[in-house]
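So the structure is just underneath, and the comments pick up after that.
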Amino acid sequence: MSANASSSEEPMPLSPGHLAVEHEDLPRLRDLLDGGYDVEDDSGHGWTLLRHAIDVEIDGHVQSGEPLHVDVTAFLLARGADPLRTTNGCSPAAEAQARGHWLAADLIRAWTSLRTGA
């Protein structure tokens, strides 16, 4: 079940950006963003493309046993996704760390440090 639906309600249809993230379709995501698509697309309750990417990367790792990767997360950061945007007081880096996606957490912290000069 997606993070934006409870067990008693139908899942919300995914926007084009969220579909591209869900399928880890970087060429489609690039085309959407090049065409003016909002990199901060929020499908509800703070479920941004960046948070969705972190979730998809975790799911892929858990389901396949393959190593963690950050392809979609890195691309979204490079295209302007806000790594400081919190949901319920939790940043994307903190959420990634709490869920075991250390690679995304490290990338986001390093990206944030470079961008803010901290």
List every DSSP H helix in the chain whose Cα atoms extend 15 Å or more along the helix's own long axis and whose mean Kyte-Doolittle hydropathy is at least -0.5.
49-64, 102-116
Assuming a viscosity of 1.306 mPa s and a temperature of 10 °C, what translational diffusion coefficient in µm² per second does Stokes-Einstein assign to region 11-54, Rh being the Kirkwood radius over Cα pairs?
154 µm²/s
Cα-centre dipole for the chain with unit charges at Cβ (Lys and Arg positive, Asp and Glu negative), debye to 20
460 debye
Using a probe radius of 1.4 Å on heavy atoms only, what accessible surface per residue do you get for the chain? Whole Å² is fine.
55 Å²
How charged is the neighbourhood of TRP47? Take every other residue with its Cβ under 13 Å from the Cβ of TRP47, and add Lys/Arg as +1 and Asp/Glu as -1.
-4
Computing the accessible area with a 1.4 Å probe over protein heavy atoms, can you report the carbon and sulfur percentage for region 49-118?
55 percent
Rounded D (µm²/s) - the chain, Kirkwood Rh over Cα pairs, Stokes-Einstein at 20 °C, 1.002 mPa s:
148 µm²/s
With charges set only on the Cβ (+1 for Lys and Arg, -1 for Asp and Glu), what does the dipole of region 6-71 come to about its Cα centre, in debye to the nearest 20?
40 debye
Could you work out the relative contact order of the chain, using alpha carbon pairs under 8 angstrom and six or more residues apart, expressed as a whole percent?
19 percent
What helix-only [θ] at 222 nm does the chain give? Using -39500 (n - 2.57) per DSSP H run of at least 4, over all residues, to the nearest 500, the answer is -15500 deg cm²/dmol
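The values are calculated or read from the model by the stated rules, or taken from the named source; none is laboratory data. Being a predicted model, the structure only gives us computed values, none of them experimental. Reconstructed Cβ throughout: ideal geometry from the backbone, glycine too, with neighbour counts over all protein chains shown. SASA here: full protein model, heavy atoms, side chains in, ligands and nucleic acids out. Shrake-Rupley method; radii C 1.70, N 1.55, O 1.52, S 1.80 Å.
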